[in-house]
Amino acid sequence: MRFKAHVNSNPRQISLLDTVRTRGSVTVEQLADMLGVTLQTVRRDVQRLADEGLLTRFHGGVRMPRSTTENIAYQQRASLNAEGKARIARAVARRVPNDCSLILNIGTTTEAIAQQLMRHTGLRVITNNLNVATILSGNTACEVIVAGGSVRARDRAVVGEATIDFIRQFKVDIALIGVSSIESDGSLRDFDLREVKVAQTIIAQAGEVWLAADSSKFNRPAMIQLGTLSQIDRLFTDAAPPAPFPDLLKSAQVQLEIAREP
């Protein structure tokens, strides 16, 4: 828990992660030069981030973990770029009108969005995320409907064929979804086939689809294709996407909103 708080409050470590994420792999010397700090400081930061599974070290440098088959642990995802996710959540909440229907899926970013919807009124929210349901159940001016299915213990996600059948009963104004990966071919990807099938159903049942994805999701590998940017109406993120994503978003007619406010 002590390290989690340290990562959240240390802009240098967040900047280090963003640099490695953008470049794929970086030497320690390059990081020290880019961040304007000593080699010793970079090595100390790298060691702490590697211990948390957020970076992989190699001789002389670091890279992002490259597993396409397994997501990082829930607690690590919750702490990674928490401030960026909070900015995204506030930006999304400003755009969500009162008295509308929503579906929120699995993910730490959608959980942050739920926190920012606590002052909305007249919402009807369907979710397969028990964490989202727990948060929004505290808003007595909204109705929360929880999808049935199998609960995935590690993150309290509800998945499976029963979940899909349940969600197919509804047509909502807006789907607010998160993903694990946005790849350079415009594909949206994730790690769990059951989760992907639920997300695909959510997209099909929504008038508009809003994707909330922090900057760690760009160019991150994941095994299973969920969809494409062409299925998204709005993308909320916390930093300007790297090339080639601006062109991809323009081609797919996705409205981009970058949550820059502190």
For segment 152-184: of the residues being surrounded by fewer than 16 Cβ atoms within 10 Å (Cβ to Cβ) and at pLDDT below 95, which is farthest from HIS120 (Cα to Cα)? SER184
GLY207 - would you say it is small (Gly, Ala, Ser), at pLDDT 95 or above, surrounded by fewer than 18 Cβ atoms within 10 Å (Cβ to Cβ) and in a loop (DSSP other than H, G, I, E, B)? no
Tell me, yes or no, whether segment 172-180 has at least one residue that is charged (D, E, K, R) and over 22 Å from CYS100 (Cα atoms). no
Sort out which residues of segment 185-201 are surrounded by 24 or more Cβ atoms within 10 Å (Cβ to Cβ), hydrophobic (A, V, I, L, M, F, W, C) and over 21 Å from PRO242 (Cα atoms), and write them in order of number. VAL198, ALA199
Identify, please: which residue in segment 1-48 is modelled with pLDDT under 85 and among the basic types (Lys, Arg) and is, among those, farthest from the chain's Cα centre (by Cα)? ARG2
Selection from segment 115-156 of residues hydrophobic (A, V, I, L, M, F, W, C) and farther than 22 Å from GLN169 by Cα yields LEU117, MET118, ILE135, ALA141, ALA153
Can we say ASN128 is touching a strand residue (DSSP E or B) at 6+ places or on another chain (Cβ under 6 Å) and either on the phi > 0 side of the Ramachandran plot or at pLDDT 95 or above (or both)? yes
List, please: which pairs have Cβ atoms under 8 Å, are six or more places apart or on different chains, and start with a residue in segment 243-262 that is under 16 Å from THR228 (Cβ atoms) and end with one that is assigned to a loop (DSSP other than H, G, I, E, B) and of a type in the set (Ser, Thr, Tyr)? PRO244/SER184; PHE245/SER184; LEU248/SER184
Meets criteria (at pLDDT 95 or above and exposed (fewer than 15 other Cβ atoms within 10 Å of the Cβ)) for SER137: yes
Of ALA222, ALA259, ALA175, ALA199, which residue is small (Gly, Ala, Ser), within 16 Å of the chain's Cα centre (by Cα) and farther than 27 Å from LEU17 by Cβ? ALA175
Assess whether VAL179 counts as being part of a loop (DSSP other than H, G, I, E, B), within 27 Å of PRO65 (Cα to Cα) and touching a Leu at 6+ places or on another chain (Cβ under 7 Å). yes
So GLY122 passes all but one of these: (1) of a type in the set (Gly, Ala, Ser); (2) surrounded by fewer than 20 Cβ atoms within 10 Å (Cβ to Cβ); (3) at pLDDT below 95. Which condition number does it fail? (3)
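The values are calculated or read from the model by the stated rules, or taken from the named source; none is laboratory data. A quick note: this is a predicted structure, and the numbers were derived from the prediction, not measured. Note that we place each Cβ from the backbone using ideal geometry, even for glycine, and neighbour counts take in every protein chain shown.
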